[in-house]
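Undergrad: Following this message is one structure expressed as structure tokens.
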Amino acid sequence: MTYKVIGKRVKRVEDPRLLTGGALFVGDVNLPNMLYAAFFRSDYAHARIKSIDTSQAKLIPGVVGVYTAEDMGEAWEPGPPLVSPPPTLEDVVFNSRRQVPLVKDKVKHAGEIIAVVVAESRYIAEDAVEEIYVDYEPLPAVTDLEKCLEPGHTLVHDDLDTNLAAHLVQNKGDYEAAKKEADLVLKRKFKLDRGAAVAMENRGIVVDWDQKSQHLMVWDATQSPIPIRNGMAARLGLRTHQVRVVAPFVGGGFGPKIMMFYAEEMVLPWLTMKLNRPVKWIEDRKENFYATTQEREQIQEVEMALSKEGRILGIKQKIIHDTGAFNPYGLTTPLNTQSHSMGPYDVQNYNSEVFVVFTNKTIVTPVRGAGRPQGIYIVERMLDIACKDLGLDSREVRRLNFIPKDAFPYNHEIIDQAFAELVLDSGNYLPAYEKALEKIEYEKFIKEDQPRLRAEGKYVGIGVVPFIETTGVGPYEGARVAIEPSGKISAATGVGTQGQSHMTSFAQIIAEELGVEVEDVSLVSGDTAEIHWGTGTFASRGAVVAGNAVLAAASDVRKKVLKLASKILETPEDELELDGGLVRVADIPDKSISLGELAVLANPFRGAVEPGTEPGLESTKYFGPAYGATAFGVHGMILEVDPETMMIKIHKYVTVEDCGTMLNPLVVEGQIHGGVSMGIGNAYYEKLHYDENAQLLNASLADYLIPTSAEMPHIEVYHQNTPAPNNKLGTKGVGEAGAIPVPAAFAQALENALPDFDLEIIETPLSPNRLYELLYKSEE
Amino acid sequence: MKVEGEHLFTGTQQQVWDLFRNTEVMAAALPGTKKMELVGENTYEAIMNVRVGPVAGEFSGQLVLSNEDHPNSYTMTVDGRGKPGFLKGVGDVILADQGANQTLMGYSGEVQIGGKLAAVGQRLIDTVAKSIIGQAFETLDNALAERENAESEGREADYHQSSEGDYAATVAKDLIKNVLKRKGSEEA
Amino acid sequence: MDNTFELSVIVNGTSYQETVDPRILLSDFLRDGLGLTGTHVGCEHGVCGACTVLLNGAAVRSCLIFAPQVHQQEIMTVEGLGTVDDLHPLQEAFREAHALQCGFCTPGFLTTLLPWLEENPNPTEDEIREAISGNLCRCTGYQHIIDAVKLAAEKMN
């Protein structure tokens, strides 16, 4: 009898505490003798600091201290470089500049921290911040991605002679040769903007230095507690065992809560060691818009060479990518864009040049999608434009270009964000595409519904977009699984959890392997005291990398259980089964022993232990893939647009997703729904409006619009399963999939809805205002 | 943000020109002004309380008059900063005699804002700026009229500064008027 | 501190008498003053709804209220809805439908929905979408939340 729970729609074990207000988020941490920090942040995006006057602030009762960069002395240093450029790429220009704890000399983006106040309450701390006076010499702000590389332009970093943060070229095949054979060469210039993650919980950190035990305790709303622990220990001159970082329940990550070594993560540990009292800082929403990383503009000049049948012969692309004032996270986002600019298609010739530039704006690091949406957007738009020019059916052109299912693993030869060659491990695009067309009733819409509704004066359109998503990248993750004397299982992994349901889906893996109930598995994620090695939750890798480490550890425990039980029950291992928390002899059910009893026997107080045995029934294993697992899918939408107000209504939304083996379908669907909501936000409602002084003009939820339930359609999710060949679970990531194709689907559907207007959409985001401008302009 | 418009004053072109160089009048005209003082030739320093929706606080800054073509036109440059953020602006002012004791003042300029003011006040700024300017003109009209009366009566002119309460109430009224106008309501 | 307010308030059925700074927000009073951290703060400008509590039975944004304003009133927070061992049917429904992922916005949805479901025991999907359109969620896309509300309506009747 085999116990199957992987792939089941299991209710989450973490929910009861979250539902009753009993779950600990970083803002809930309350310690005796705790102090509160508040920051004085620069209003100017680019300015020299002439003087800082904190004297008035220090006089407020309840203020314990007001500190600037000068006070930090030797403890002041910029954050560490987190991701270097891939060593496997040649001729890369990379000027690394990282954020600083407190500004010295020159402010480089609005919101940079100039001073910190520590006080007995947050209210007093904020009062004191208001009393700080900084004398600035404002400088022109660097905001234009193209102009900023012109000679003589204002520089963000005075110690560089350029605003160029990075430059690289990737090449596959020979585009110029392919171009000569082309029947059609299309050229377009795209303007792509993304936005802020806007997790419902802002960032926060609580630090507590205990002088007597020489130990630093940290609660940090981070996606990567282990690198944070390692980096903090290094910066403070401590050993790793002197620092414990706990990422408690985290209210949404989506990328920016990665191990950034934000200024606040550098300042607070210094403060607690200096003051020998716990210090707490919780970001407020306005700060979040300035001080938490985001994704912004990419300008792309794209050229596509095609045959007259619509076969892609080659793609050439120049990307200019805004990294903001600093670039601690390397080239991750633009590399992802490159990896996805060929889509799910068989493209033999690809040449892509990337310029990354510094601007006087907030730091750019991956936000759900992390550069992939921009790649998918341009390839899908170019194909749509090609179809119009060549008079071809958009479905036929996709079918013609899909990588065929027997061509995997398919090596694109360029380097991806994980520093490996971009190898698409597996895929089966055609059935997924046909399924999406079937579920959205494409034929019926084009032939019947659309003409009928048009005749009624309604502008309805359809968009269907296939996409890939690279997931499950290394380097590695680890997991520890142990059977306790109670018979219950405790487990730990280093990937933090911000809503991905790790505590349940990983418990399902363990439960199936050891024959126990999911509720009997208690999994801790995000506590550096529980597991020592790991990277973090990002790039849709948790299920693949940590999940497979969990499987490896649980399998190893299972082996130990069988070996020991075989001895105790005097039965060969292959006649034993694990079920209901027991090890049983297959055809003699009474002959059994509980896992708890075995655990006790495995850890004797006295007696000799066989050489080579490890005590207990515990195992720690690591999993590191050679390359990632490529998920894929198709989104289809039918929308209606009001030609006067430009407001849209989505009538039907269909997704077909293939993430290999699903650990928990409820969780997968939730991830898709959430991803689509961010995609819809990115496509039509969200935009960070910066002005020429690099001032953010909509730094509140009242003016930065994320979708509410009223904007969201009902989403149908259909599954396909092409198992990942390179991991035992056969699973692929799905965390970002929902967000990736949406802007491209919007563009296709809107053009399809407004054929009389001769609309060509080569930018994102749109909005009612922007759509109006595009229509009005195209009419003239 | 572009700021432009015009206003018809009752008075001669010279009277209007002089009005704008009377520090006491200017201080009274701009709601929330706590201090305005001439510190150099054509350079004023001022401290003002500014409120734009939920953002309020003290601004201090400089106002410089330049490109003077007496009594026809000049350029005004403003640079202020404070707890709510910062504000920079430059604008041209043109006076034109309309005859019959009337002068038309036209103004056109660019204002840039930053900090909290920009982050949260952005969508109110337009209406609030127009409201401040509108109130300023009302005060100036009254000042001109008062000056004439004072002259004819042979006494010193007496200028009132509207209180912050009055100012806030007027801005609120203007914001509501704006919303009603957009909704097409006749009751403005 | 010379400027204080003697606040008297009932929260989840328990009476409290506390000396507070008169400008303390209700959200901070509940979380830091009383240790009821289930009410979450997402924006402090009344948009996201995570801080929603019930004031005399009606849903309000605790981030926009000063604690003295609820003097001698009755508040209910998410902690008053159910316990880990005894979940309210609405909480059960959320769990069954996977209507929460990170869980940060969830208390605000629960307190918003409780009085609404009492007045709308048999809602349609459109009615539910509108009822929760004042609560922001970044994780779920709202779909499972709507499923949960339908399920809760069944359970509660």
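Undergrad: Looking only at residues that are polar (S, T, N, Q) and buried (at least 17 other Cβ atoms within 10 Å of the Cβ) in segment A:163-186, which one is nearest to A:TYR690 (Cα to Cα)? Can you show your working first?
TA: Kept after step one, since they are polar (S, T, N, Q), are these residues of segment A:163-186: A:163, A:170-171.
Filter once more, so that each one left must be buried (at least 17 other Cβ atoms within 10 Å of the Cβ): A:163, A:170.
On the way: A:ASN163: 19, A:GLN170: 31 Å.
Looking at residues that are polar (S, T, N, Q) and buried (at least 17 other Cβ atoms within 10 Å of the Cβ), I get A:ASN163.
Undergrad: Let me ask another. Among the residues of segment B:23-34, is there at least one that is in contact with a strand residue (DSSP E or B) (Cβ under 7 Å, 6 or more places away or on another chain), without any contact (Cβ under 8 Å) to a residue 60 or more places away in the chain and in a strand (DSSP E or B)?
TA: Checked segment B:23-34: at least one residue is in contact with a strand residue (DSSP E or B) (Cβ under 7 Å, 6 or more places away or on another chain), without any contact (Cβ under 8 Å) to a residue 60 or more places away in the chain and in a strand (DSSP E or B).
Undergrad: All but one of (1) touching a strand residue (DSSP E or B) at 6+ places or on another chain (Cβ under 6 Å); (2) surrounded by fewer than 13 Cβ atoms within 10 Å (Cβ to Cβ) hold for A:ALA599; which doesn't?
TA: Result: A:ALA599 fails condition (2) only.
Undergrad: Test A:VAL524 against the criterion of being touching a strand residue (DSSP E or B) at 6+ places or on another chain (Cβ under 6 Å) and modelled with pLDDT of 95 or more, and give yes or no.
TA: Taking the combined requirement at face value, the residue satisfies it.
Undergrad: Looking at segment A:506-520, which of its residues are crowded, with 24+ Cβ neighbours inside 10 Å and outside any helix (DSSP H, G or I)?
TA: Passing the criteria: only A:VAL516.
Undergrad: Between A:GLU773, A:GLU760, which is more than 30 Å from A:HIS109 (Cα to Cα) and without any contact (Cβ under 8 Å) to a residue 12 or more places away in the chain?
TA: Testing whether each residue is more than 30 Å from A:HIS109 (Cα to Cα) and without any contact (Cβ under 8 Å) to a residue 12 or more places away in the chain leaves just A:GLU773.
Undergrad: Return the residues of segment C:71-98 that are surrounded by fewer than 18 Cβ atoms within 10 Å (Cβ to Cβ), in a loop (DSSP other than H, G, I, E, B) and either of a type in the set (Asp, Glu) or at the interface with chain A (Cβ under 8 Å from one of its Cβ atoms) (or both); say none if nothing qualifies.
TA: C:VAL84, C:ASP85, listed by residue number.
Undergrad: Can you find a residue in segment A:360-372 that is over 26 Å from the mean Cα position of the chain (by Cα) and at pLDDT 95 or above?
TA: Initially, segment A:360-372 is screened for residues over 26 Å from the mean Cα position of the chain (by Cα), giving none.
The answer is no; no qualifying residue exists.
Undergrad: Sticking with this one: Mind checking whether some residue in segment C:16-27 is at the interface with chain A (Cβ under 7 Å from one of its Cβ atoms), free of Cβ contacts under 8 Å to residues at least 24 places away in the same chain and surrounded by fewer than 18 Cβ atoms within 10 Å (Cβ to Cβ)?
TA: No: segment C:16-27 contains no residue that is at the interface with chain A (Cβ under 7 Å from one of its Cβ atoms), free of Cβ contacts under 8 Å to residues at least 24 places away in the same chain and surrounded by fewer than 18 Cβ atoms within 10 Å (Cβ to Cβ).
Undergrad: A follow-up question, please. Provide a single number: the residues in segment A:246-278 that are within 14 Å of another protein chain (Cβ to nearest Cβ) and either in contact with a Phe, Trp or Tyr (Cβ under 7 Å, 6 or more places away or on another chain) or of a type in the set (A, V, I, L, M) (or both).
TA: Looking only at that region, the number is 7.
Undergrad: Let me ask something else. Just checking, which of C:ILE132, C:ILE128, C:ILE75 is closer than 24 Å to C:THR37 by Cα, of a type in the set (A, V, I, L, M), within 18 Å of the chain's Cα centre (by Cα) and not assigned by TED's automatic domain parsing to the domain that holds C:CYS43?
TA: C:ILE132 is the lone residue from the list that is closer than 24 Å to C:THR37 by Cα, of a type in the set (A, V, I, L, M), within 18 Å of the chain's Cα centre (by Cα) and not assigned by TED's automatic domain parsing to the domain that holds C:CYS43.
Undergrad: So which of B:VAL16, B:VAL64, B:VAL3 ends up being among the hydrophobic types (A, V, I, L, M, F, W, C), out of contact with any Cys (no Cβ under 7 Å at 6 or more places or on another chain) and under 19 Å from B:SER131 (Cα atoms)?
TA: None of the others qualify; the one that does is B:VAL3.
Undergrad: In a helix (DSSP H, G or I), within 14 Å of chain C (Cβ to nearest Cβ) and farther than 30 Å from A:PHE757 by Cβ - does that describe any residue in segment A:656-666?
TA: Yes, segment A:656-666 has at least one match.
Undergrad: I need every pair where a residue in segment A:702-726 that is facing another protein chain (nearest Cβ under 7 Å) and in contact (Cβ under 8 Å) with a residue 60 or more places away in the chain has its Cβ under 8 Å from the Cβ of a residue that is among the aromatic types (Phe, Trp, Tyr) and not in a loop (DSSP other than H, G, I, E, B), sequence separation at least 6 or different chains.
TA: If the second residue must be among the aromatic types (Phe, Trp, Tyr) and not in a loop (DSSP other than H, G, I, E, B), the pairs left are A:ILE706/A:TYR685; A:HIS714/A:TYR653; A:ILE715/A:TYR653.
Undergrad: On the given criteria, is C:SER62 over 28 Å from A:ASN202 (Cα atoms) and more than 11 Å from every other protein chain (Cβ to nearest Cβ)?
TA: no
Undergrad: Here is a further query. Out of curiosity, is A:LEU688 more than 13 Å from chain C (Cβ to nearest Cβ), surrounded by fewer than 23 Cβ atoms within 10 Å (Cβ to Cβ) and within 21 Å of the chain's Cα centre (by Cα)?
TA: Details: more than 13 Å from chain C (Cβ to nearest Cβ): yes; surrounded by fewer than 23 Cβ atoms within 10 Å (Cβ to Cβ): yes; within 21 Å of the chain's Cα centre (by Cα): yes.
Against the criterion (more than 13 Å from chain C (Cβ to nearest Cβ), surrounded by fewer than 23 Cβ atoms within 10 Å (Cβ to Cβ) and within 21 Å of the chain's Cα centre (by Cα)), A:LEU688 qualifies.
Undergrad: Within segment A:10-112, which helices (runs of 4 or more DSSP H) (wholly inside it) include 3 or more residues that are at pLDDT 95 or above and within 14 Å of chain C (Cβ to nearest Cβ)? Walk me through it before giving the result.
TA: Values: elements: A:15-19, A:55-58, A:69-72.
The helices (runs of 4 or more DSSP H) meeting that bar are A:15-19.
Undergrad: Also, quick follow-up: Tell me whether segment B:92-105 contains one or more residues that are of a type outside the set (Ser, Thr, Tyr) and under 26 Å from A:VAL129 (Cα atoms).
TA: No; the residues of segment B:92-105 include none that is of a type outside the set (Ser, Thr, Tyr) and under 26 Å from A:VAL129 (Cα atoms).
Undergrad: Shifting gears a bit: As an exercise: evaluate C:LEU117 against (1) facing another protein chain (nearest Cβ under 9 Å); (2) part of a helix (DSSP H, G or I); (3) surrounded by 20 or more Cβ atoms within 10 Å (Cβ to Cβ) and give the number of the one condition it does not meet.
TA: Condition (1) is where C:LEU117 drops out.
Undergrad: I've got another one for you. Would you mind stating whether A:ALA177 is under 21 Å from A:VAL142 (Cβ atoms), small (Gly, Ala, Ser) and modelled with pLDDT of 95 or more?
TA: no
Undergrad: Let me ask another. Could you check segment B:102-160 and list, in sequence order, the residues that are charged (D, E, K, R) and under 25 Å from B:GLU24 (Cβ atoms)?
TA: Once the filter is applied, which keeps residues that are charged (D, E, K, R) and under 25 Å from B:GLU24 (Cβ atoms), segment B:102-160 yields B:LYS130, B:GLU138, B:ASP141, B:GLU146, B:ARG147, B:GLU148, B:GLU151, B:GLU153, B:ARG155, B:GLU156, B:ASP158.
Undergrad: Could you tell me whether A:GLY660 is buried (at least 24 other Cβ atoms within 10 Å of the Cβ), out of contact with any Leu (no Cβ under 7 Å at 6 or more places or on another chain), over 30 Å from A:GLU751 (Cα atoms) and not acidic (Asp, Glu)?
TA: Yes, satisfied.
Undergrad: Can you find a residue that is more than 25 Å from A:VAL10 (Cα to Cα), within 9 Å of chain A (Cβ to nearest Cβ) and surrounded by 18 or more Cβ atoms within 10 Å (Cβ to Cβ) anywhere in segment C:48-55? It would help to see each step written out before you state the result.
TA: Quick first cut of segment C:48-55, residues more than 25 Å from A:VAL10 (Cα to Cα) only: C:48-55.
From the residues that got through so far, the ones that are within 9 Å of chain A (Cβ to nearest Cβ) too are C:48, C:50.
Those left that are additionally surrounded by 18 or more Cβ atoms within 10 Å (Cβ to Cβ): C:48, C:50.
Yes, there is a match, as at least one residue in segment C:48-55 is more than 25 Å from A:VAL10 (Cα to Cα), within 9 Å of chain A (Cβ to nearest Cβ) and surrounded by 18 or more Cβ atoms within 10 Å (Cβ to Cβ).
Undergrad: Looking only at residues in segment A:134-152 that are within 14 Å of chain B (Cβ to nearest Cβ) and surrounded by fewer than 16 Cβ atoms within 10 Å (Cβ to Cβ), which one is nearest to A:LYS191 (Cα to Cα)? Don't jump to the end; show me each part of the working.
TA: Going through segment A:134-152, the residues within 14 Å of chain B (Cβ to nearest Cβ) turn out to be A:134-141, A:143.
Next cut, surrounded by fewer than 16 Cβ atoms within 10 Å (Cβ to Cβ) only: A:135, A:137, A:140.
Values: A:ASP135: 37, A:GLU137: 33, A:PRO140: 24 Å.
By that ranking, first place goes to A:PRO140.
Undergrad: In segment A:604-639, what count of residues is obtained for those that are surrounded by fewer than 17 Cβ atoms within 10 Å (Cβ to Cβ) and either touching a His at 6+ places or on another chain (Cβ under 7 Å) or free of Cβ contacts under 8 Å to residues at least 40 places away in the same chain (or both)?
TA: Of the residues in segment A:604-639, 11 are surrounded by fewer than 17 Cβ atoms within 10 Å (Cβ to Cβ) and either touching a His at 6+ places or on another chain (Cβ under 7 Å) or free of Cβ contacts under 8 Å to residues at least 40 places away in the same chain (or both).
Undergrad: Can you tell me which residue among B:GLY154, B:GLY61, B:GLY80 is loosely packed, with under 15 Cβ neighbours inside 10 Å, free of Cβ contacts under 8 Å to residues at least 60 places away in the same chain, small (Gly, Ala, Ser) and away from chain A (no Cβ under 11 Å)? Steps first, answer last, please.
TA: Values: B:GLY61 fails: loosely packed, with under 15 Cβ neighbours inside 10 Å; B:GLY80 fails: loosely packed, with under 15 Cβ neighbours inside 10 Å.
Unique residue meeting the criteria: B:GLY154.
Undergrad: Condition first: within 30 Å of A:LEU306 (Cα to Cα) and either β-branched (Val, Ile, Thr) or buried (at least 24 other Cβ atoms within 10 Å of the Cβ) (or both). Now tell me which residues in segment A:187-233 satisfy that. Steps first, please.
TA: So the first thing to find is which residues in segment A:187-233 are within 30 Å of A:LEU306 (Cα to Cα), and the list is A:187-194.
Those that are within 30 Å of A:LEU306 (Cα to Cα) and either β-branched (Val, Ile, Thr) or buried (at least 24 other Cβ atoms within 10 Å of the Cβ) (or both): A:LEU192, A:ARG194.
Undergrad: When only residues in segment A:279-312 that are assigned to a loop (DSSP other than H, G, I, E, B) and either aliphatic (A, V, I, L, M) or within 14 Å of chain C (Cβ to nearest Cβ) (or both) count, which is surrounded by the fewest Cβ atoms within 10 Å (Cβ to Cβ)?
TA: Ranking the qualifying residues of segment A:279-312, first place goes to A:ASP284.
The values are calculated or read from the model by the stated rules, or taken from the named source; none is laboratory data. This one's a predicted model, so the numbers in the text were calculated from it and none came from an experiment. Cβ: placed from backbone, ideal geometry, glycine included. Neighbour counts: every protein chain shown.
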